[in-house]
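Novice: Take this structure first; my questions come after.
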Amino acid sequence: MDFEESAQKKDYRWKRIRLGSWKKADENEKEFARQDLAALTEKADDGTIDLVYFDQSGFNLWAKVVYAWQKRGQRITVPVSKGKSQNVLGAMWHRCQRFESFVFEGAVDSTVVIGCFDVIAKNLTKETWIVLDNAPIHRSEEFAEKIEEWEKSGLKIYFLPAYCPSLNKIEMLWQKIKYDWLSWEAYSSYQNLCLELDGILSQIGSKYLITFS
C-alpha cells in the first residue's frame, strides 16, 4: 500500500492549505442559504431578476499554491504575507454573463465598497440581487445606511451566513485567475502582475470563461 492510499484510508485529503484562519459554518444556516440561492438562481435563469456575486480578493507577488495531506473536516492554515497588493472588488453576474471590477492599491473600506455599489445601482435593467459575505466593511453603520436607498433603485442585498465562502460563486473566479490564468511570469515583478491582471480582468466573459453546472 503506497502513502497516498494509506492517507486516504485514514480519512486524509490532498488539498490546498488556506491562508489566514479557518472556522466552520453553521450547517443549518448554510443549508437555508443554499435554498435561498437556489430560488434566486431559478429566477435569474428565467430572466425575472439579475443575480450578482460580489467579493474582494488581493493579488500580490507572494501568492503560493501549497498543498498538503489534511484530515477531513480540518484545514491547515498559514499566516497571510504582507506586501504591496492589487485589491480587486468584483461583481460577477449569474453564470458569468457579465463582470465588473474595481481595482485599488491599498486598503479597502466601507466607503470604497459603497462607491462600487453606487456605480452598479446606476445601471440596473431589472431587480438585482447581490450576494455578499459578512465582512465588517459590509456590516458597518455607513454601509447599512445605504441599503434602503439601493433597494429603492432595485438593488437588493443577500448576506451569506458566516464562514460560507463556497456559496459565493465569485470565489471560483478568483481561484481561476490566481491558479490558472495568471502566468508564472506575472509574479516576476509587481508591474508585470498589474499588467497581466488588468488584461485578464478586462477579458473575463470573452477570452476568460467559467462554466457553471
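The values are calculated or read from the model by the stated rules, or taken from the named source; none is laboratory data. The structure displayed is predicted, hence computed values, not measured ones. For neighbour counting, all protein chains shown are included, and Cβ atoms are generated from backbone atoms with ideal geometry for every residue, glycine included. In case anyone asks, the SASA skips ligands and DNA or RNA and just uses the protein heavy atoms, side chains included. Shrake-Rupley method; radii C 1.70, N 1.55, O 1.52, S 1.80 Å.
Novice: Which one of these does Trp181 not meet: (1) open to solvent by less than 40 Å² (accessible area, probe 1.4 Å); (2) within 19 Å of the chain's Cα centre (by Cα); (3) aromatic (Phe, Trp, Tyr)?
Specialist: (1) is the only condition that Trp181 fails.
Novice: Being outside any helix (DSSP H, G or I), under 19 Å from Asn123 (Cα atoms) and open to solvent by 10 Å² or more (accessible area, probe 1.4 Å) is the filter here; which residues of segment 35-54 pass it?
Specialist: Scanning segment 35-54 gives Gly47, Thr48, Asp50.
Novice: Please verify whether Phe143 is touching a strand residue (DSSP E or B) at 6+ places or on another chain (Cβ under 7 Å), farther than 20 Å from Arg98 by Cα and surrounded by 13 or more Cβ atoms within 10 Å (Cβ to Cβ), treating the condition exactly as stated.
Specialist: On the way: touching a strand residue (DSSP E or B) at 6+ places or on another chain (Cβ under 7 Å): no; farther than 20 Å from Arg98 by Cα: yes; surrounded by 13 or more Cβ atoms within 10 Å (Cβ to Cβ): yes.
It is false that Phe143 is touching a strand residue (DSSP E or B) at 6+ places or on another chain (Cβ under 7 Å), farther than 20 Å from Arg98 by Cα and surrounded by 13 or more Cβ atoms within 10 Å (Cβ to Cβ).
Novice: Something else about it: What are the pairs, 6+ residues apart or on separate chains, where a residue within segment 34-61 that is more than 21 Å from Leu173 (Cβ to Cβ) has its Cβ under 9 Å from a residue that is of a type in the set (Lys, Arg) and surrounded by fewer than 20 Cβ atoms within 10 Å (Cβ to Cβ)?
Specialist: Gly47/Lys126; Thr48/Lys126
Novice: May I pose another question? Give me the pairs, please: first residue somewhere in segment 118-146 and touching a residue at least 60 places away in the same chain (Cβ under 8 Å), second residue anywhere and among the aromatic types (Phe, Trp, Tyr) and buried (at least 19 other Cβ atoms within 10 Å of the Cβ), beta-carbon distance under 6 Å, and either six or more positions apart or on two chains.
Specialist: Sorted first by the residue in segment 118-146, then by its partner, the pairs are Ile130/Phe54; Val131/Tyr53; Leu132/Phe54.
Novice: Could you list, in sequence order, all residues of segment 99-126 that are out of contact with any helix residue (DSSP H, G or I) (no Cβ under 7 Å at 6 or more places or on another chain) and open to solvent by less than 20 Å² (accessible area, probe 1.4 Å)?
Specialist: Cys116, Ile120
Novice: Okay, moving on. Can you tell me which residue in segment 184-204 is farthest from the chain's Cα centre (by Cα), limited to those that are under 25 Å from Gln97 (Cβ atoms) and either of a type in the set (Val, Ile, Thr) or crowded, with 16+ Cβ neighbours inside 10 Å (or both)?
Specialist: Glu196
Novice: Here's a check for you: in segment 108-144, which residue that is assigned to a loop (DSSP other than H, G, I, E, B) and acidic (Asp, Glu) is nearest to Ala33 (Cα to Cα)?
Specialist: That would be Asp133.
Novice: Within segment 50-58, is even one residue over 25 Å from Val113 (Cβ atoms) and at pLDDT 95 or above?
Specialist: no
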